[in-house]
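Worksheet: one structure, shown below.
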């Protein structure tokens, strides 16, 4: 089989993801979104190969098929982007609202996966795996990654506090690094004496 349709879909998904990547990771909290993207990709690097190795999921058509049993584009790229989107729209919400919002992205993601499973050779379910298993896995993964946002915020606040403390110590104790307004004041006092 030639799988031209599947290869075209993979190329479209790759190009779409590359276009959406800077938009998704940019903004005021870009460090947080990059960390979430990388953490989700890292988690998928364990989960996806296990599911593929145990034959729950098969990816007959995929990039780098000699090296990976899972879909690199989906597991390490697109799924992580969707997790970033979820975290962006829910990072300030309380848990009940965040739990409802996860379904806005997890359900369409699972439906697309189900369509791909039925109409292409990009993914195949085995051993009783269904789209419901995928939906639950997607939902738990997104909620888990979102659960790390408070830890990321705490770490970020700690770094900011340490930086501020270090900067204020340096400016208060070192005469050469004295702020300009204090240097001018000191210079005026010196001139008044003479």
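Among the residues of segment 86-99, is any buried (at least 17 other Cβ atoms within 10 Å of the Cβ), over 16 Å from the mean Cα position of the chain (by Cα), at pLDDT 85 or above and in the same structural domain as residue 11 (by TED's automatic domain parsing)?
yes
Filter segment 65-81 for residues that are in contact (Cβ under 8 Å) with a residue 60 or more places away in the chain and more than 15 Å from residue 11 (Cα to Cα); which is nearest to the chain's Cα centre (by Cα)?
Here the answer is 81.
When only residues in segment 110-151 that are in a helix (DSSP H, G or I) and within 14 Å of the chain's Cα centre (by Cα) count, which is surrounded by the most Cβ atoms within 10 Å (Cβ to Cβ)? Quick ask: steps written out before the conclusion?
First, pick out the residues of segment 110-151 that are in a helix (DSSP H, G or I): 110-119, 131-146, 149-151.
When the remaining residues are screened for being within 14 Å of the chain's Cα centre (by Cα), the result is 138, 141-146, 149.
Details: 138: 21, 141: 21, 142: 27, 143: 17, 144: 13, 145: 20, 146: 21, 149: 18.
Among residues in segment 110-151 that are in a helix (DSSP H, G or I) and within 14 Å of the chain's Cα centre (by Cα), the one surrounded by the most Cβ atoms within 10 Å (Cβ to Cβ) is 142.
Read through the list (1) assigned to a loop (DSSP other than H, G, I, E, B); (2) at pLDDT 90 or above, then give the number of the only condition that residue 34 fails.
With respect to (1) assigned to a loop (DSSP other than H, G, I, E, B); (2) at pLDDT 90 or above, residue 34 is out only on (1).
Consider residue 37 carefully, then state whether it is touching a helix residue (DSSP H, G or I) at 6+ places or on another chain (Cβ under 6 Å) and surrounded by 14 or more Cβ atoms within 10 Å (Cβ to Cβ). Let's see the steps before the verdict.
Values: touching a helix residue (DSSP H, G or I) at 6+ places or on another chain (Cβ under 6 Å): yes; surrounded by 14 or more Cβ atoms within 10 Å (Cβ to Cβ): yes.
Here the answer is yes, as residue 37 does meet what is asked.
Mind checking whether some residue in segment 152-169 is under 30 Å from residue 65 (Cβ atoms), touching a helix residue (DSSP H, G or I) at 6+ places or on another chain (Cβ under 9 Å) and surrounded by 16 or more Cβ atoms within 10 Å (Cβ to Cβ)?
Taking segment 152-169 and keeping what is under 30 Å from residue 65 (Cβ atoms), we get none.
No: segment 152-169 contains no residue that is under 30 Å from residue 65 (Cβ atoms), touching a helix residue (DSSP H, G or I) at 6+ places or on another chain (Cβ under 9 Å) and surrounded by 16 or more Cβ atoms within 10 Å (Cβ to Cβ).
The values are calculated or read from the model by the stated rules, or taken from the named source; none is laboratory data. None of these values were measured; they are calculated from a predicted model. Here Cβ is always computed from backbone atoms with ideal geometry, including for glycine, and neighbour counts include all displayed protein chains.
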